[in-house]
Amino acid sequence: MKKYIGLFLISLFFFAISSIPVGLFSTSINKLNLQITSLEGSVWQGRAYSSQFGVIDWDFSPLALMYAQFAWEVKTQRQNTHQLEFDLGVDIFEQLTLENIKGFTTSTFLKELAILPQEITDFALFDIQPDDLNATWDLDSPSPKPQSLKGVAQIKKLNILGKHLGDYRLEFNGTDEQISTVITAQENAKLQTKLDAVLTPNKLLSVQGSIQTNHQDIKLLLNDAGIKDSVLLNYQF
């Protein structure tokens, strides 16, 4: 009898969750500044439209409740600026977690979100394809920069000042204290690179390592920037 009572209570709990209209948690969604213009469905499963993020679909993940966390499988897409899938979780400490991020996003979209310094996105165009990337945010923080960022992503179709430079691998390991990135060249890259980059909270970017290329136009571009085989620079955004 206890077994059946337990199954009944569990079923009742999940039915209650699935019946909650999506509008009841729209206040929490609005904390993320997603610029939501329409909502439909329930906490369990639903869809929203955001002028900033495009179409957002979600499915509730009940197993996360075992870890005192609410979690959803999320897909978001807006025209050609991004198409991403990830597991989104919110715990009792109001920490937002994005895990298993897949898909692609663009420098244009990152510029809109103010995640990258404008000085970079003003002269560089590229796509980012996360391979194994996880990030966390504090929902009470006004900053769009994540408190932690770890994993791997690919820079695709890098274009700097009209020069096509190929693809590169980024390995992130960062906290709110600083974000460290190792940049290495892929097979089709026109720059043979091994760079270590560090971005601090006061927006100081430090880069050191090596850059080599046989492409004459790109050599001239690097020389104009004062960059030869080795790189050692600090830039304050």
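A few notes on this one:
- When 157, 190 are checked against the criterion of being at positive phi and not aliphatic (A, V, I, L, M), a single residue qualifies: 157.
- Flag if residue 71 is free of Cβ contacts under 8 Å to residues at least 60 places away in the same chain, farther than 25 Å from residue 178 by Cα and more than 12 Å from the chain's Cα centre (by Cα): yes
- Matching residues in the range 99-117 - criterion: being touching a residue at least 12 places away in the same chain (Cβ under 8 Å) and either assigned to a helix (DSSP H, G or I) or among the acidic types (Asp, Glu) (or both): 99, 107, 108, 109, 110, 112, 113
- A single entry from 56, 120 fulfils the requirement of being outside the structural domain of residue 40 (by TED's automatic domain parsing) and of a type in the set (Val, Ile, Thr): 120.
- Of the candidates 127, 196, 140, the single residue that is within 19 Å of residue 101 (Cβ to Cβ) and either out of contact with any Cys (no Cβ under 8 Å at 6 or more places or on another chain) or surrounded by 16 or more Cβ atoms within 10 Å (Cβ to Cβ) (or both) is 127.
- Residue 49 fulfils the conditions (1) more than 25 Å from residue 147 (Cβ to Cβ); (2) at pLDDT below 75 except for a single criterion, (2).
- Residue 77 passes every criterion in (1) exposed (fewer than 15 other Cβ atoms within 10 Å of the Cβ); (2) under 21 Å from residue 49 (Cβ atoms); (3) polar (S, T, N, Q) apart from (1).
- Top-ranked residue of the range 84-103 - restricted to ones that are surrounded by 16 or more Cβ atoms within 10 Å (Cβ to Cβ) and of a type in the set (S, T, N, Q), ranked as nearest to residue 151 (Cα to Cα): 97
- Just so you know, in the range 127-163 the residues that are acidic (Asp, Glu) and at pLDDT below 85 include one that is farthest from residue 84 (Cα to Cα), and it is 140.
- In the range 219-231 there is at least one residue matching the filter, namely being over 24 Å from residue 151 (Cβ atoms) and of a type in the set (Lys, Arg).
- Residue count for the range 199-237 satisfying the condition of being aliphatic (A, V, I, L, M) and exposed (fewer than 15 other Cβ atoms within 10 Å of the Cβ): 5.
The values are calculated or read from the model by the stated rules, or taken from the named source; none is laboratory data. Just so it is clear, the model here is predicted, and its values are computed rather than measured. Note that we place each Cβ from the backbone using ideal geometry, even for glycine, and neighbour counts take in every protein chain shown.
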